[in-house]
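Student: My structure is below; once you've seen it, I'll send some questions.
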Amino acid sequence: MFKAKQQSALELLTTYSWAFLIIAVFIAAIAILAGSRAPASYVPSTCNISPGFPCEQAVLSGYNSVVKTKFMVTFTNNLGTPIYFPSNSFNVTLTNVGDAGINSYSGNCTPLVALKGAQVSCISQIPGTVMPSAGSQASASFAMGYSICKNMQLTSCSGTYRTTGFSLQSVSPPGTSLYTISFVTSPNTGIIVINGASYSSGTSAILVSGKYTAYASPPAGYTFGSWSITSTSSTLSSTTLQNATLTLSSNATLQANFVT
């Protein structure tokens, strides 16, 4: 009887071995596909600066032979006064990015004079070809030097101050393009929502090329009227629907118009 059970088990295993093989191949395929994420999934995960400069975004772009690697950080001037960023006042330190080992790269911040509440973007071009694999985590420490100003005139700026920050984000795939999109609403108290992130009028963001969901949130007393976009190639699926698909393939200005 024991031999009969052994034989039955062997026959069962032989008969259904092909099924186990198919299941194994299916699981392996899922694992491979899971690693092929869309470019939009490679957005930064964390970014911290001082309380006076709340960080909005940090992005490390992937290297390719045409578009060199960039590190960009965007934050708001919440110091309560205008500030001035001298040339090459931005410095970022990266490990195994651009060159092997720990290296520092300089860059610039715009606008040079940022008013109270203004959005600031600092960018550093990264030479070299060393790059972590797409989707892996990369950390960066950075610092900005600035002066305090009484007004927009550079002659009113004085002092040399320094603030530091840290970011951790997924590396974007090689060949991924990054574009600046500016947001405008009329009236300017409206909100534009991109993939769930809210942007007020007069702000901007650096986003990976691709498709995004755009939603216009009107201020009290208004309803949605229309969209308009200024760009060389970026488009909207509709200019009359409150919820539209934005295809970002260049720098662009997206405007939501509201009516009473």
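Student: Considering only residues of segment 157-195 that are modelled with pLDDT under 80 and of a type outside the set (S, T, N, Q), which is farthest from residue 132 (Cα to Cα)?
Tutor: 178
Student: Restricting attention to segment 129-136, does a residue exist that is among the polar types (S, T, N, Q), in the same structural domain as residue 107 (by TED's automatic domain parsing), out of contact with any strand residue (DSSP E or B) (no Cβ under 9 Å at 6 or more places or on another chain) and not in a strand (DSSP E or B)?
Tutor: Checked segment 129-136: at least one residue is among the polar types (S, T, N, Q), in the same structural domain as residue 107 (by TED's automatic domain parsing), out of contact with any strand residue (DSSP E or B) (no Cβ under 9 Å at 6 or more places or on another chain) and not in a strand (DSSP E or B).
Student: Looking at segment 137-166 only, could you name the residues that are in contact with a helix residue (DSSP H, G or I) (Cβ under 7 Å, 6 or more places away or on another chain) and assigned to a loop (DSSP other than H, G, I, E, B)? First the steps, then the outcome.
Tutor: Looking only at segment 137-166, we keep the residues that are in contact with a helix residue (DSSP H, G or I) (Cβ under 7 Å, 6 or more places away or on another chain), and these are 149-150.
Hit for segment 137-166 is 150, nothing else.
Student: Taking the stated definitions as given, is residue 257 of a type in the set (S, T, N, Q), surrounded by fewer than 20 Cβ atoms within 10 Å (Cβ to Cβ), out of contact with any Leu (no Cβ under 9 Å at 6 or more places or on another chain) and in a loop (DSSP other than H, G, I, E, B)? Steps first, please.
Tutor: Working: of a type in the set (S, T, N, Q): yes; surrounded by fewer than 20 Cβ atoms within 10 Å (Cβ to Cβ): yes; out of contact with any Leu (no Cβ under 9 Å at 6 or more places or on another chain): yes; in a loop (DSSP other than H, G, I, E, B): no.
The answer is no for residue 257.
Student: A follow-up question, please. Here is a list: 164, 185, 232, 160. Which entry is closer than 28 Å to residue 124 by Cβ and either in contact (Cβ under 8 Å) with a residue 40 or more places away in the chain or buried (at least 18 other Cβ atoms within 10 Å of the Cβ) (or both)?
Tutor: Values: 185 fails: closer than 28 Å to residue 124 by Cβ; 232 fails: either in contact (Cβ under 8 Å) with a residue 40 or more places away in the chain or buried (at least 18 other Cβ atoms within 10 Å of the Cβ) (or both); 160 fails: either in contact (Cβ under 8 Å) with a residue 40 or more places away in the chain or buried (at least 18 other Cβ atoms within 10 Å of the Cβ) (or both).
None of the others qualify; the one that does is 164.
Student: Quick one: would you say residue 192 is in contact (Cβ under 8 Å) with a residue 40 or more places away in the chain, in a strand (DSSP E or B) and not assigned by TED's automatic domain parsing to the domain that holds residue 71?
Tutor: Values: in contact (Cβ under 8 Å) with a residue 40 or more places away in the chain: yes; in a strand (DSSP E or B): yes; not assigned by TED's automatic domain parsing to the domain that holds residue 71: yes.
Yes.
Student: Consider segment 98-124. How many of its residues are closer than 19 Å to residue 81 by Cα, within 20 Å of the chain's Cα centre (by Cα) and in a strand (DSSP E or B)?
Tutor: Counting residues in segment 98-124 that are closer than 19 Å to residue 81 by Cα, within 20 Å of the chain's Cα centre (by Cα) and in a strand (DSSP E or B) gives 6.
Student: Which of the residues that make up segment 218-254 are in a loop (DSSP other than H, G, I, E, B) and either under 16 Å from residue 185 (Cβ atoms) or aliphatic (A, V, I, L, M) (or both)?
Tutor: Matches in segment 218-254: 218, 219, 220, 221, 222, 239, 241, 242.
The values are calculated or read from the model by the stated rules, or taken from the named source; none is laboratory data. Bear in mind the structure is a predicted one, so any value in this text is a computation, not a measurement. All Cβ positions, glycine included, derive from the backbone under ideal geometry; neighbour counts span all protein chains shown.
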